[in-house]
Amino acid sequence: MNSALKSKISASIMCGDMMHFSEVVKDLEAASIDLIHVDIMDGSFVPNLTFGPDFCAALRKATDIPLDIHLMVERPENFLELFHPRPGEYVSVHVESTKHLQRVLGMVRRYGAKAAAALNPATSLSAVENVLPDLDMVLIMAVNPGFAGQRLVPQMIGKIAECRSFLDAKGYPGVEIEADGNVSFENAEKMKAAGANIFVSGSSGIFAGGTCFRDAVAKYRRGIA
Ligand code: DX5
Ligand code: ZN
């Protein structure tokens, strides 16, 4: 396991109170969240629709917390310019969503952003074997993408461990691993032990009903320190 990588918590804003996003962002800042995870869905790659580039632009105006943009869209290469990624942000594209993965990862990096490949639960790690030099992060979907509130696909803990071993064995110990989906406090500890260092917290964590963001973040940090 690569403990050299700093643990980061990324709040999945699609799970927040959509009628009060500016307050949500202020509370996330007060809770010292590391990243804001923005799920972009096109209704084709996944059977759901969420936000677009204007929402990301509004978030950038509202906060300095870096965005962690998760593109669940077909042919992300056609939309990347609309999002205009910024240095310090992460942009994840699904390996299943493009014929030109290496090109798209290069496009992300040319904006100065961190390039990530996202893998659905059934997708093998071999899908990123030929783009390791182009990667800053691998996003391991712990649930099937498209909706919040789903249950962990149990074997994804093993997949995170396999991914960490794979990256280290290939000479890429600096490539981060993000766990996304049902990252509860308990699951986060298992994901950390397996080798993840970025944790997307949604409806089973920070945005679980009645949870104070500050307390939730502190609880995560105790568990994944
Ligand atoms: C699902 C998204 C996740 C989701 C996380 O397709 O990629 O980021 O919003 O929500 P929870 O934590 O409820 O699984
Ligand atoms: Zn996501």
Item to complete: Go through (1) touching a strand residue (DSSP E or B) at 6+ places or on another chain (Cβ under 9 Å); (2) surrounded by 17 or more Cβ atoms within 10 Å (Cβ to Cβ) and name the single condition ARG221 misses.
Response: (2)
Practice prompt. Please state which one of THR98, THR123, THR63 is in contact (Cβ under 8 Å) with a residue 12 or more places away in the chain and under 15 Å from ASN144 (Cα atoms).
Written response: THR123
Discussion item. One residue is enough: does segment 144-153 have a residue meeting the conditions closer than 19 Å to ASP68 by Cβ, away from ligand 1 (no atom under 16 Å from the Cβ) and of a type outside the set (Ser, Thr, Tyr)?
Written reply: no
Discussion item. Given the options VAL153, VAL143, name the one that is modelled with pLDDT of 95 or more, within 16 Å of ligand 2 (Cβ to nearest atom) and buried (at least 19 other Cβ atoms within 10 Å of the Cβ).
Written reply: VAL143
Item to complete: For segment 58-67, indicate whether the set of residues that are in contact with a Lys or Arg (Cβ under 9 Å, 6 or more places away or on another chain) and within 16 Å of ligand 2 (Cβ to nearest atom) is non-empty.
Response: yes
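Looking at MET137, MET107, can you tell me which residue is of a type in the set (A, V, I, L, M, F, W, C) and within 20 Å of GLY181 (Cα to Cα)? Walk me through how you get there before you give the answer.
Values: MET107 fails: within 20 Å of GLY181 (Cα to Cα).
None of the other options fit; the residue is MET137.
Kindly indicate the residue of segment 178-192 that is in a helix (DSSP H, G or I) and either surrounded by 24 or more Cβ atoms within 10 Å (Cβ to Cβ) or of a type in the set (A, V, I, L, M, F, W, C) (or both) and also farthest from ligand 2 (Cβ to nearest atom) among those meeting that condition. Quick ask: steps written out before the conclusion?
Taking segment 178-192 first, the residues in a helix (DSSP H, G or I) are 185-192.
With either surrounded by 24 or more Cβ atoms within 10 Å (Cβ to Cβ) or of a type in the set (A, V, I, L, M, F, W, C) (or both) added as a condition, the list becomes 185, 188, 191.
Working: PHE185: 18, ALA188: 15, MET191: 14 Å.
Ranking the candidates gives PHE185 first.
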Discussion item. I'd like the residue in segment 109-126 that is more than 16 Å from ligand 1 (Cβ to nearest atom), crowded, with 17+ Cβ neighbours inside 10 Å and among the small types (Gly, Ala, Ser) and, out of all such residues, is farthest from ALA188 (Cα to Cα).
Written reply: ALA113
Discussion item. Against the conditions (1) surrounded by 17 or more Cβ atoms within 10 Å (Cβ to Cβ); (2) closer than 27 Å to ALA218 by Cα, where does LEU105 fall short? Just the number, please.
Written reply: (2)
Response to the item:
The number of residues in segment 53-95 that are surrounded by fewer than 18 Cβ atoms within 10 Å (Cβ to Cβ), within 16 Å of ligand 1 (Cβ to nearest atom) and not hydrophobic (A, V, I, L, M, F, W, C) is 1
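Where residues in segment 205-220 are under 20 Å from LEU67 (Cα atoms) and either of a type in the set (Ser, Thr, Tyr) or in contact (Cβ under 8 Å) with a residue 24 or more places away in the chain (or both), which of them is farthest from ligand 1 (Cβ to nearest atom)?
First, the residues of segment 205-220 that are under 20 Å from LEU67 (Cα atoms): 205-207, 213-214, 216-217, 220.
Now drop any that are not either of a type in the set (Ser, Thr, Tyr) or in contact (Cβ under 8 Å) with a residue 24 or more places away in the chain (or both), which leaves 206-207, 213-214, 216-217, 220.
Values: ILE206: 9, PHE207: 7, PHE213: 14, ARG214: 18, ALA216: 12, VAL217: 14, TYR220: 12 Å.
This residue is ARG214.
From the set of residues in segment 2-37 that are of a type in the set (D, E, K, R) and assigned to a loop (DSSP other than H, G, I, E, B), which is surrounded by the most Cβ atoms within 10 Å (Cβ to Cβ)? Steps first, please.
In the first step, residues of segment 2-37 are kept if they are of a type in the set (D, E, K, R); the result is 6, 8, 17, 23, 26-27, 29, 34.
Retained after the next criterion (residues that are assigned to a loop (DSSP other than H, G, I, E, B)): 6, 17, 34.
On the way: LYS6: 9, ASP17: 11, ASP34: 17.
Checked segment 2-37; the qualifying residue surrounded by the most Cβ atoms within 10 Å (Cβ to Cβ) is ASP34.
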Discussion item. Can you confirm whether LEU82 is modelled with pLDDT under 95, touching a Pro at 6+ places or on another chain (Cβ under 9 Å) and outside any strand (DSSP E or B)?
Written reply: no
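Identify all residues within segment 193-212 that are surrounded by 21 or more Cβ atoms within 10 Å (Cβ to Cβ) and either modelled with pLDDT under 95 or not small (Gly, Ala, Ser) (or both); write none if there are none.
First, the residues of segment 193-212 that are surrounded by 21 or more Cβ atoms within 10 Å (Cβ to Cβ): 194-202, 204-207.
Matches in segment 193-212: ASN197, ILE198, PHE199, VAL200, ILE206, PHE207.
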Response to the item:
Matching residues in segment 33-52 (over 17 Å from the mean Cα position of the chain (by Cα) and either in contact (Cβ under 8 Å) with a residue 40 or more places away in the chain or away from ligand 1 (no atom under 16 Å from the Cβ) (or both)) number 2
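The values are calculated or read from the model by the stated rules, or taken from the named source; none is laboratory data. It should be emphasised that the depicted structure is a prediction, and the values quoted were computed from it without experimental measurement. Note that each Cβ is placed from the backbone with ideal geometry, even for glycine, and that neighbours are counted across all protein chains shown.
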